[in-house]
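Here the structure is laid out as structure tokens; the discussion comes afterwards.
The numbers here are math on the coordinates, done by the rules we state, and not lab data. Note that the structure is a prediction, hence the values are computed from the model and not measured. Note that we place each Cβ from the backbone using ideal geometry, even for glycine, and neighbour counts take in every protein chain shown.
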Amino acid sequence: MIPSTWIPWRARAIAWLLAWMITATVFTAVAEQNYTVRRGDTLYGIARKHGITAARLAARNGLSKNYYVRIGQRLVIPEGAGEASPELPFFVQRAIDRAEVKAGRWKYIVIHHSGVDTGTVEGMDRYHREERHMDNGLAYHFVIGNGHGMADGEIGVGSRWTRQLDGGHVTSASQNKVCLGICLVGNFDRHEPTPKQLAQLKVLVQALLLRCALSASAVKTHQQINVLFTRCPGQHFPTKRFLASLESAEPRRTASKP
Ligand SMILES: [Zn+2]
């Protein structure tokens, strides 16, 4: 006979264990780049999700003979995974595709930093509307989060993109008519953008270049294009490295299916 307290105790223990496993899996996947194999996972699927090849993932985890993985198995995701070939979230690509971009509408894509280390699309929109008195709100077309306010690398699509409105992010009114603005949350006078921000910036810019029929030379920092001197996007934004990485890459769509 089962003691009367046994079932509730065991149920509680299982619930606690499950909660712990879910938390631990999410935490390690982000912070430590470990991954716990779940039901339905294949090595190919896990590799694809992290933007690496199955061969590289197998080699890192000593899975040389076959690529079989079992539920609960812990895999190490190699460092730099996801930066090599990151993808644009499907909803962002859809927003890029759906906007009614007129031929010749945009001439430049301008990169900014927010200058503060916490930020969201909603917060910036409110600030530009209420403090800067901009009727169209958020001055940028896109915002990329840094993990404080928005997720690290999260792309926010502004209404100026979906409605194809002029930007409000550079000093000159005539430049605002032809400059798309992308703002990365952070103060890059103090530190670099996060690797995820840079990776997502690259795929976003590539998708926009394609959509707007522009070449990589159309991508500028705020400092490079502004008529007045500005430090934006900060002395630690890797301008040369980032622009060079665009020159060597083909414009492309990267979004996966939802
Ligand atoms: Zn700026």
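A few comments on the model shown:
- Separation in nanometres of the label points that stand 7 Å from Cα toward Cβ, at residue 235 and residue 171: 2.0 nm
- Charged-residue dipole, Cβ positions (Lys, Arg, Asp, Glu), segment 90-249 about Cα centre, Debye nearest 20: 500 debye
- Potential lengthening of the chain between residue 213 and residue 42 amounts to 57.8 nm, from the contour at 0.36 nm per residue minus the alpha-carbon distance.
- Cross-link pairs 49/202; 107/196; 107/177 - those with Cα-Cα distance over 20 Å: 107/196
- Taken as Cα centroids, segment 197-258 and segment 113-171 sit 17 Å apart, rounded to the nearest whole angstrom.
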